[in-house]
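Undergrad: Once you've had a glance at the structure underneath, I'll fire off some questions.
The values are calculated or read from the model by the stated rules, or taken from the named source; none is laboratory data. Since the model is a prediction, treat every value here as computed from it, not as a measurement. Methodologically, a virtual Cβ is constructed for each residue, glycine included, from the backbone with ideal geometry; neighbour enumeration extends over all protein chains shown. Note: areas computed on protein heavy atoms with side chains; ligands, DNA, RNA excluded. Shrake-Rupley method; radii C 1.70, N 1.55, O 1.52, S 1.80 Å.
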Amino acid sequence: MTEFLPFDYWAYHNRWREVHPGAKLLFGVAALVGACLVHRPLAGLAVGGTAALLTVVGAGIPLRVYLRLLLLPVGFLSLGLVSLLLDFKEGRLVYTGLALAETVASRSLAAVAALYFLIFTTPVGEILALLRRLGVPALFLEICILTYRHLFGLLRTANRLRLAQLARGGRLRGRLAWRVAAGLVRQLFLLAQHRAHRNYLALMARGAEELAFRGRPQVLRWREFGFFGLWAGVELLLAWCLGR
């Protein structure tokens with residue numbers, strides 16, 4: 001287990017790292033709006049596929065990395081679709097809501113592809129700094145950045161607990177392995193919560209009533225806005241034409 005997020009690594013090591021975050025945000029928001037307009041699986045496939053294509057081919061994110069990180073939201077989505085597809089009627093298990101499940105799946109995957117494009121190509125600090133300049137409330141942004149920092153503390157604590165378990169010969173199997181894993185998860189969240197509270201107290205002790213959102217200075221190039229604006233229009237056009 002590593003102490004960094006794969007999204008955070010590729011946000012600093014992709015082909016579009018130097019592109020102004022506003023241009024990438026323009027496309028990401030347009031793709032997300034297009035995902036909300038989707039009513040048919042074909043439209044969702046077109047919107048999400050376009051966003052995924054720009055992420056993998058345009059930004060240079062390895063396909064295996066993209067697909068591996070896509071497994072987590074797909075797993076959550078699959079569990080949620082079961083309740084839409086299956087139902088009990090008169091003591092029998094029947095299939096219901098197939099059309100609704102297709103719509104939910106297509107919208108969800110398209111929305112995930114839109115968000116993946118943004119977080120794979122733009123560092124979180126630059127996104128928050130841009131949103132700050134656009135007038136997004138500071139309280140919302142502070143919650144976002146504190147949650148983001150908390151993830152790194154969570155990963156660091158999990159890594160240390162795992163190493164301590166392995167050092168004590170903790171490769172267990174069967175029911176005992178599940179019990180040990182449950183105990184590790186409980187201890188992980190307790191320690192991470194305690195560390196987050198200490199970080200917050202340290203921040204307040206330094207008189208930081210408001211977090212600073214600093215992004216790297218970016219050069220505004222209208223050609224980049226034109227390129228991503230064109231693709232944003234394509235996304236909305238696909239969602240409108242294929243989703244009706």
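Undergrad: Which values of log₁₀ I(q)/I(0), to two decimal places, follow from the Debye formula for region 14-77 at q = 0.18, 0.21, 0.22 Å⁻¹ with a uniform point scatterer at every Cα?
TA: -0.78, -1.02, -1.09
Undergrad: Largest first, what is the accessible-area ranking of THR147, THR55 with a 1.4 Å probe?
TA: THR147, THR55
Undergrad: Do you know the relative contact order of region 13-138, to the nearest whole percent, from alpha carbon pairs under 8 angstrom that are 6+ apart?
TA: 43 percent
Undergrad: Using a 1.4 Å probe on the protein heavy atoms, what percent of the accessible area of region 18-78 belongs to carbon and sulfur?
TA: 78 percent
Undergrad: To continue, here is another question. For LEU86, which sequence-distant residues (separation of 5 or more, or a different chain) have an amide H within less than 5 Å of its own amide H, given hydrogens modelled in the peptide plane?
TA: THR96
Undergrad: Can you work out ³J(HN,Hα) from phi for every residue in region 114-127, in order, using Karplus 6.51 cos²θ - 1.76 cosθ + 1.60 and θ = phi - 60°, giving whole Hz and x for Gly and Pro?
TA: These are the phi-based 3J(HN,Hα) values: 5, 5, 4, 4, 5, 7, 7, 10, 9, x, 4, x, 6, 5 Hz.
Undergrad: Can you compute the modelled spin-label distance between TYR148 and LEU236, with each label point 7 Å from Cα toward Cβ, in nm?
TA: Each label point is offset 7 Å from its Cα along the Cβ direction, giving 2.6 nm.
Undergrad: 7 Å from Cα along Cα→Cβ at both SER78 and ARG221: what's the point-to-point distance in nm?
TA: Computed distance between label sites SER78 and ARG221 equals 4.1 nm.
Undergrad: Using θ = phi - 60° and the Karplus curve 6.51 cos²θ - 1.76 cosθ + 1.60, what whole-Hz ³J(HN,Hα) does each residue of region 70-86 get, with Gly and Pro shown as x?
TA: Taking θ as phi minus 60°, the curve returns 7, 5, 5, x, 5, x, 4, 5, 4, 5, x, 6, 4, 5, 8, 8, 10 Hz for region 70-86.
Undergrad: Sorted by packing (mean other beta-carbon atoms within 10 Å per residue), highest first, where do 69-75, 56-62, 115-121, 37-43 land?
TA: Sorting 69-75, 56-62, 115-121, 37-43 by mean packing, highest first, produces 115-121, 37-43, 56-62, 69-75.
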